[in-house]
Each structure stands twice: as C-alpha cells, then as structure tokens.
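Here is the structure we will look at, set down as structure tokens.
The values are calculated or read from the model by the stated rules, or taken from the named source; none is laboratory data. Treat the numbers as computed from the prediction; the structure is a model and nothing was measured. Counting neighbours? That spans all protein chains shown, and the Cβs are built from the backbone with ideal geometry, glycine included. Protein only, heavy atoms only, side chains kept; ligands, DNA and RNA dropped before computing areas. Shrake-Rupley method; radii C 1.70, N 1.55, O 1.52, S 1.80 Å.
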Amino acid sequence: MTTDGKAEEIRTTVAGRARQRAWREAERAISAVLADPEVQRLQALIEQEEVAAGRARRDELQPFQDRYDHAVQTGDVAALAVLCPGKHGRWGRICVQSAGHETRTSHWGITPDGPVAWIGSAPDDD
C-alpha cells in the first residue's frame, strides 16, 4: 500500500470513529432529556390531547381511514400515493388524509389504541 493510501485509510478510520462517538454522545443527551420527569409529564399530556382530538374528529375523518384500509387490502398503489407523507412511524401512526391537508387540519389516523390526531411532523418522516 502506498503512503497516500495508508494515510487515506487512517483518515477514514478516524472519521468513522469520530462519527460513532458523536452519535453515542447525542444518544446519551437525548436519553437524559427524555428521562426528565417534566418532559415525560408533557409527553403524556400531549398524547392525551392527541387521542382526544383523534376521537373528536373520527366521524369527519373516518372515510379517509376507510379509503386507506381498502387501498392496502386491494394493493391500490395510486390511492396510497396521494396520502399525506406525514407519519410518526415509530409510534405506529400513518396520516390517512390526502397530501396537502396540513394547512386546514392536523394529521389523523388510527393506531392500535384508537384514533389519534397530531400536529407537525416527526424525525422519522422521510
């Protein structure tokens, strides 16, 4: 291996280890914040409000869930393609409304625990 090749290998290794360390530090910081009792209290309060909003809007938005369920059962890719890209996949949430609804309504969908409505996007939106 040439000197330049060895130097590049060392730079690549050092950069990889620096990224791993940065991720570990970020995960520790995030875990510390999420473990804070006040953050947990607020998270529970937000979840209660999202569930209440989801139930309140169920009659109005159930047709979107029905359309989604039918599209999944029949493999209707065209119907699934027009869905809102907003999701909270980590929490089992997929917004079943049409894309672009965010200017007039919150995201809405059904979770294993029932309907839920939420505002904004999540880090796992992609």
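Restricting to segment 79-88, and then to whatever is touching an Asp or Glu at 6+ places or on another chain (Cβ under 9 Å) and in a loop (DSSP other than H, G, I, E, B), can you tell me which residue is surrounded by the fewest Cβ atoms within 10 Å (Cβ to Cβ)?
The first filter runs over segment 79-88 and keeps only residues touching an Asp or Glu at 6+ places or on another chain (Cβ under 9 Å), leaving 84-88.
So of that shortlist, the ones also in a loop (DSSP other than H, G, I, E, B) come out as 84-86.
Values: Cys84: 20, Pro85: 12, Gly86: 22.
Selected residue: Pro85.
Working only within segment 25-78, note down all residues that are closer than 28 Å to Ala99 by Cα, free of Cβ contacts under 8 Å to residues at least 40 places away in the same chain and part of a loop (DSSP other than H, G, I, E, B).
Result: Gly75, Asp76.
Taking segment 96-117 only, how many residues are closer than 13 Å to Arg58 by Cα and surrounded by 12 or more Cβ atoms within 10 Å (Cβ to Cβ)?
We begin by selecting, within segment 96-117, every residue closer than 13 Å to Arg58 by Cα; these are 96-97, 105-111, 114-117.
Now drop any that are not surrounded by 12 or more Cβ atoms within 10 Å (Cβ to Cβ), which leaves 96-97, 105-111, 115-117.
Going through segment 96-117 one residue at a time, the tally reaches 12.
Residue-by-condition table, conditions (1) closer than 20 Å to His107 by Cβ; (2) open to solvent by 60 Å² or more (accessible area, probe 1.4 Å):
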site: Glu9; (1), (2): no, yes
site: Ser31; (1), (2): no, yes
site: Glu50; (1), (2): yes, no
site: Arg67; (1), (2): yes, yes
